[in-house]
Amino acid sequence: MSSADTLTDRVRRRLITLGHAPTRAAVATAVRAEYGSPIGDQTLVTLTARLHAELVGAGPLTALLADAAVTDVLVNGPQEVWVDRGAGLQRVHCDLGDDTAVRRLAQRLAAACGRRLDDASPFCDARLPDGTRLHAALPPVAVANVHLSLRTFRPRGFTVDELVGAGTLTRESAAIARAVVAHRLAFLVTGGTGSGKTTLLAALLGEVPGDERLVVVEDATELRPTHPHVVSLEARPANAEGAGEIPVRTLVREALRMRPDRVIVGECRGGEVVELLAALNTGHRGGAGTLHANALDDVPARIEALGLVGGLGRDAVHAQLASAVQVVFHVVRRPPGPGGAGGRIVTEIGVLQVDADGRVGVGPAWRRDGGPTPGLERLRALLTNRGGAP
């Protein structure tokens, strides 16, 4: 290992231990502390510039991450890189060197997030300074090679009209969505991984009147609705000593004290669903969130399972859900067909209903392949009760 490599490692460890983001000023301070002897100003400037680029940059992946069409970059090894440009994964030529170079790249990206990635902590799930979502896994937990998963972040979200133009929404489903938002019905956006849930949620939040205050809670900041009054809260993982964690569930409770008009949870994946249901039942109408689910029918069971994680019994979950959420938008990513059509599309809009036993189900109100269904009458009734003119 060269002396420069040794200095890089020492600076990286110092920044992680102190929990400092690798800004130029922080890198300069760490270089001065770790250099081991007096250092001249010119040497300090030169070393700081080089180490900052090494600690922050994405190296050969930079061009892929800068491509506006790319949503995901996946690294399975030094010579195996895949990207998703909205039509499924495609392998691309991108030479990352050898296993050691990929490991250093992973550690560099983790350090840019202020996170530790080594044999003692072989996983990292964090957000890069530009908003890109990073997940890294080191061997031997990751068999054979270092694995990187990067989900790009776009500073501006889509509008509803743009999603109509892209084919995600039809004019009919867009009209239903706008009515749901305008009349403050609480809703969830559901679908599988990478189906476009966050994109759709951000677009719908852009339809909220500008005089309302949105408080958005996320595990890692991804939502960027085009709205004049958005307050974002981001969860914080534990530091290298295992202290300082602030989970999403805590932030949802804090959000209720921030005078929100609408509370939004970027993704319900744990016990925070209990706080979200409580918030939607205490006067915060029109809230929203996303949820992993393969179909509309799976939504109650998914919320029930998450509620149990949060300490809420089955009956209590259904009782809360019945009055908390009214509408579900289900998004699917379809591969291109023979004619090339495909992508992320809203396939169904569902409305919640309660059976005689008090169990909540989701019935379709609109289907992309069939248009309105009998459930649309229930949705019209909900809109009418909120002063709508469906």
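Numerical summary
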| read-out | value |
| --- | --- |
| Cα extents of the range 223-323 along the three principal axes, largest first (Å) | 37, 36, 26 |
| Normalised contact order of the range 160-385, rounded percent, pairs of Cα under 8 Å and 6 or more residues apart | 21 percent |
| Beta bridges per DSSP with both ends in the chain, % antiparallel, nearest 5 | 65 percent |
| Prolate/oblate/rounded call for the range 69-148, Cα gyration tensor, a/c under 1.5 rounded | oblate |
| Ellipsoid semi-axes in whole angstrom, largest first, where each is sqrt(5λ) of the Cα gyration tensor of the range 251-390 | 26, 19, 16 |
| Cβ-based exposure ranking for Thr8, Thr384, Thr170, in which fewest neighbours within 10 Å come first | Thr384, Thr170, Thr8 |
| All-pairs alpha carbon distance profile, the chain, 20 Å steps from 0, percent | 26, 51, 21, 2 |
| Ascending count of other beta-carbon atoms within 10 Å, so fewest first, for Cys124, Cys268, Cys94 | Cys94, Cys124, Cys268 |
| Whole-Hz ³J(HN,Hα) from phi, Karplus 6.51 cos²θ - 1.76 cosθ + 1.60, for the range 107-112, glycine and proline x | 5, 5, 5, 5, 5, 5 |
| Radius, Kirkwood style, for the range 160-385 when every pair of distinct Cα atoms is counted (Å) | 17.8 Å |
| Gain on full stretching of the segment that runs from Asp211 to Ala66 - 0.36 nm per residue minus C-alpha separation | 48.8 nm |
| Highest-fluctuation residue, Arg224, Arg154, Arg344 considered, GNM on the chain with Cα pairs under 10 Å | Arg154 |
| For the range 96-149, size of Cβ-based charge dipole, Lys and Arg +1, Asp and Glu -1, in debye | 180 debye |
| Ranked Arg213, Arg108, criterion: other C-beta atoms within 10 Å, fewest first | Arg213, Arg108 |
| For the chain, with +1 on Lys and Arg beta carbons and -1 on Asp and Glu, the positive-most of Gly88, Ala49, Val332 along the dipole | Ala49 |
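Only the coordinates and a few stated rules stand behind these numbers; no lab work does. Here the structure is a predicted model, which means the values were calculated and not measured. Cβ coordinates were reconstructed from backbone atoms using ideal geometry, including for glycine residues, and neighbour counts include every protein chain displayed.
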